[in-house]
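What follows is a short report on a single structure.
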Amino acid sequence: MTTAQLPDDHPAQGPGGPVYLYAVTAARPGEVGAPGGHLTGVADAPVRTVTAGDVTALVSSVEPRHIEMVGQRPQEAELAWLEHVARAHNAVVESAFRETTVLPMRIATVHPSEDSVGEFLRKSAEAIHAELRRLDGLVEVGVKAYRAAPAAAGGPTTSAPESAATETPPESPGRAYLEQRRARRRARADADRDIAALVRGVRDAAAGHAVDQRAHRLQTGELAEGPGENIANDAWLVPRGAVHALHAAVTACADPAAGRHVEVTGPWAPYSFVRPVTSHGG
Amino acid sequence: MSLFGDGPGPAASGQGSSANLADILERVLDKGVVIAGDIQINLLDIELLTIKLRLLVASVDKAKEMGIDWWEHDPSLSSRARPAAGAVDGGPTTALEAENQRLREELRLLRDESRQAQLDRSPAPAETTKDDPAP
């Protein structure tokens with residue numbers, strides 16, 4: 001993350017400059033956003049609150065030149081910067097979310113000034129309150145199911161004889177080839193059944209404790225750090241009090257020895273369940 | 001944190017800095033509140049950060065290698081997977097997706113504008129971004 005280093009000779013601007021918006025809440029300013037002022041956000045700028053009426057936003061100053069830089073750097077630097085912003089964004093949202101119900105904003109929501117944030121809060125107060133009411137007491141929990149790659153640790157199916165016997169030439173190469181193909185096909189069908197069963201099992205287990213569900217895209221590639229192939233990646237909207245029960249229910253579906261893994265993340269602020277907030281102009 | 005108490009909960013300390021980047025990205029990039037309406041679209045340069053960041057993600061090849069590729073399959077985020085404008089009615093489009101779609105269009109407009117503005121060396125008017133909020 002060295003490339004995420006941002007020029008910070010002048011870390012914070014005056015309140016007149018552009019501000020990055022992390023989350024909005026109906027809680028009092030003192031109840032969110034690290035009273036000591038030690039909570040920092042994007043580019044390590046201190047996080048502060050903007051309140052209008054009875055809604056409060058968590059914001060921090062951003063420097064215009066950081067904005068201008070985006071898209072101008074080598075890819076590695078851009079990705080490092082993106083990671084920095086994503087993590088900082090989530091860290092601020094999370095700190096507030098521990099204390100109260102918040103609406104997490106989408107990444108890189110930037111207002112030209114603090115006044116503009118205040119205007120947004122005033123014009124959107126009704127929508128914000130409605131959304132906060134809807135999500136009150138609810139958290140998002142991520143549930144990912146994995147199936148270990150068939151090659152891993154020999155696998156549960158007994159295909160050992162074939163691979164072990166490849167040393168000695170089979171009587172008929174053609175027949176051996178066909179047998180191998182058949183075995184592979186069988187194994188694949190078994191795996192598909194296994195995957196479907198695990199996904200169904202995990203979802204059934206979670207559904208009993210949740211009020212809503214969103215299926216995220218399966219995680220693949222370098223960033224997918226799971227213990228196998230990601231076969232389900234769901235977000236569940238769960239009452240705070242039911243998080244434990246959901247966790248227990250879904251992890252009970254796992255059977256690591258058989259290559260069936262379940263990972264639970266969160267609780268998160270309800271990112272996957274918030275609706276657009278419409279501000280009424282005029 | 002307090003949500004899990006002392007129990008053997010998952011990620012009991014919250015997401016923190018150790019959370020899987022993919023988990024964070026798929027939430028902060030793709031989800032979260034999108035502000036609809038006229039508030040945000042009033043200062044072109046600033047609004048551009050949002051746009052740039054999202055376009056950046058979609059344009060970085062490395063991101064794809066890393067598995068950040070979900071926009072490709074999400075009609076609301078991808079220009080490639082996106083059906084022709086106005087053709088989303090038939091699909092199972094959520095309000096958020098529709099909003100995304102609309103914002104995407106605005107982003108595209110803004111970007112073109114800014115490029116134009118940079119060429120012209122004159123401030124681009126924001127009026128074209130204030131198109132009808134109604135889908």
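Neighbouring Cβ atoms within 10 Å as the yardstick, rank B:31, A:123 fewest first. Don't skip to the answer; put the middle values down first.
Working: B:31 23, A:123 20.
Starting with the residue having the fewest Cβ neighbours, the order is A:123, B:31.
Please average, across the residues of A:110-118, the number of beta carbons from any other chain that are within 10 Å of each residue's own beta carbon, and give a whole number. It would help to have the intermediate numbers written out before the result.
Details: counts 9, 7, 8, 2, 0, 0, 5, 2, 0.
Average neighbour count from other chains, rounded to a whole number: 4.
I want to check the label-to-label distance for residue A:186 and residue A:136. Put each point 7 Å from Cα in the C-beta direction and report it in nm to one decimal.
Modelled inter-label distance: 6.0 nm.
Treat each spin label as a single point 7 Å out from the Cα along the C-beta direction, and report the residue A:99 to residue A:245 distance in nm.
So the label points at residue A:99 and residue A:245 sit 3.0 nm apart.
In whole Å, how far is the Cα centre of segment A:191-233 from that of segment A:80-152?
22 Å
Highest mean first, how do A:208-215, A:172-179, A:103-110, A:258-265 rank when packing is the count of other Cβ atoms within 10 Å averaged over residues? Each step should come with its number before you reach the end.
Details: A:208-215: 15.5, A:172-179: 10.9, A:103-110: 26.8, A:258-265: 21.2.
Result, highest mean Cβ count within 10 Å first: A:103-110, A:258-265, A:208-215, A:172-179.
Could you list A:140, B:105 in order of exposure, starting from the residue whose Cβ has the fewest other Cβ atoms within 10 Å? Don't skip to the end; give the middle numbers.
Numbers: A:140 26, B:105 14.
If I rank by nearby Cβ atoms, fewest first, I get B:105, A:140.
Each reported figure results from applying straightforward, stated rules to the coordinates on display, with no laboratory input. The shown structure was predicted, so the numbers you read here are calculated from the model rather than taken from an experiment. Because the Cβ atoms are built from the backbone with ideal geometry, glycine has one as well, and the counts that use them run over all protein chains shown.
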